[in-house]
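The values are calculated or read from the model by the stated rules, or taken from the named source; none is laboratory data. Values in this document were obtained by computation on a predicted structure and should not be read as measured data. For neighbour counting, all protein chains shown are included, and Cβ atoms are generated from backbone atoms with ideal geometry for every residue, glycine included. For the accessible areas, the whole protein counts, side chains as well, though only heavy atoms, and no ligand, DNA or RNA atoms are used. Shrake-Rupley method; radii C 1.70, N 1.55, O 1.52, S 1.80 Å.
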Amino acid sequence: QVQLVESGGGLVQAGGSLRLSCVASGRAVSFYDMGWYRQAPGKQRVLVASMTSGGSTRYGDSVTGRFIISRDNVKNTVYLQMNSLKPEDTAVYYCRATRGVSGYWGMGTRVTVSS
């Protein structure tokens, strides 16, 4: 089992950048497929970016070219670099680790982008 703790959220102006961190404990983050999800007020939680245990990445259409997911195996941390932020990126961002039928969520970190 793995525990996930997100951090790095906050208030930023449109066009700015933030880097979110997801620190894993209990198991190596490289053991899992990792994903960053977000949930805006009144909307469903959606996948933003993902990285397989082998390192392959995928991005949602709305963030392609602006967000980058990365992993530091030494720090056991997954990052989400968010650039050119837009007000519509405002949401709570969650980290998720999956392996087979098992999945684990962090508690989330809030990102607010002001216009």
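Ranked by the mean number of other Cβ atoms within 10 Å of their residues, highest first, the peptides 90-101, 68-79 come out as 90-101, 68-79.
What are the chymotrypsin sites (Phe, Trp or Tyr not before Pro) within region 1-55 that DSSP puts in a loop, where the Cβ has at most 13 other Cβ atoms within 10 Å?
In loop regions of region 1-55 (DSSP not H, G, I, E or B), there are no sparsely surrounded chymotrypsin sites (Phe, Trp or Tyr not before Pro).
Potential lengthening of the chain between Thr64 and Ala40 amounts to 6.8 nm, from the contour at 0.36 nm per residue minus the alpha-carbon distance.
On a per residue basis, the chain carries 54 Å² of accessible surface, using protein heavy atoms and a 1.4 Å probe.
Of the peptides 80-86, 2-8, the ranking by mean beta-carbon count within 10 Å, highest at the top, reads 80-86, 2-8. The Cα-based radius of gyration of the chain, divided by its Kirkwood radius, gives an Rg/Rh of 0.95. The simple spin-label model puts a point 7 Å past each Cα toward its Cβ; for Arg19 and Thr52 those points are separated by 2.7 nm. Taking label positions 7 Å along the Cα-Cβ direction at both Ser102 and Lys75, the computed distance is 2.5 nm, reported to one decimal. For a modelled paramagnetic label at Glu88, 7 Å from Cα along Cα-to-Cβ, the residues of region 29-53 in reach, with backbone nitrogen under 20 Å, are 36-50.
Applied to region 78-89, the Karplus parametrisation 6.51 cos²θ - 1.76 cosθ + 1.60 on θ = phi - 60° returns per-residue 3J(HN,Hα) values of 10, 10, 10, 7, 10, 10, 6, 5, 10, x, 6, 7 Hz, with x for Gly and Pro. Only protein heavy atoms count here; on that basis, with a 1.4 Å probe, Arg45 has an accessible area of about 90 Å².
Here the chain has 48 percent of its accessible surface on carbon and sulfur atoms, given a 1.4 Å probe and all protein chains in place.
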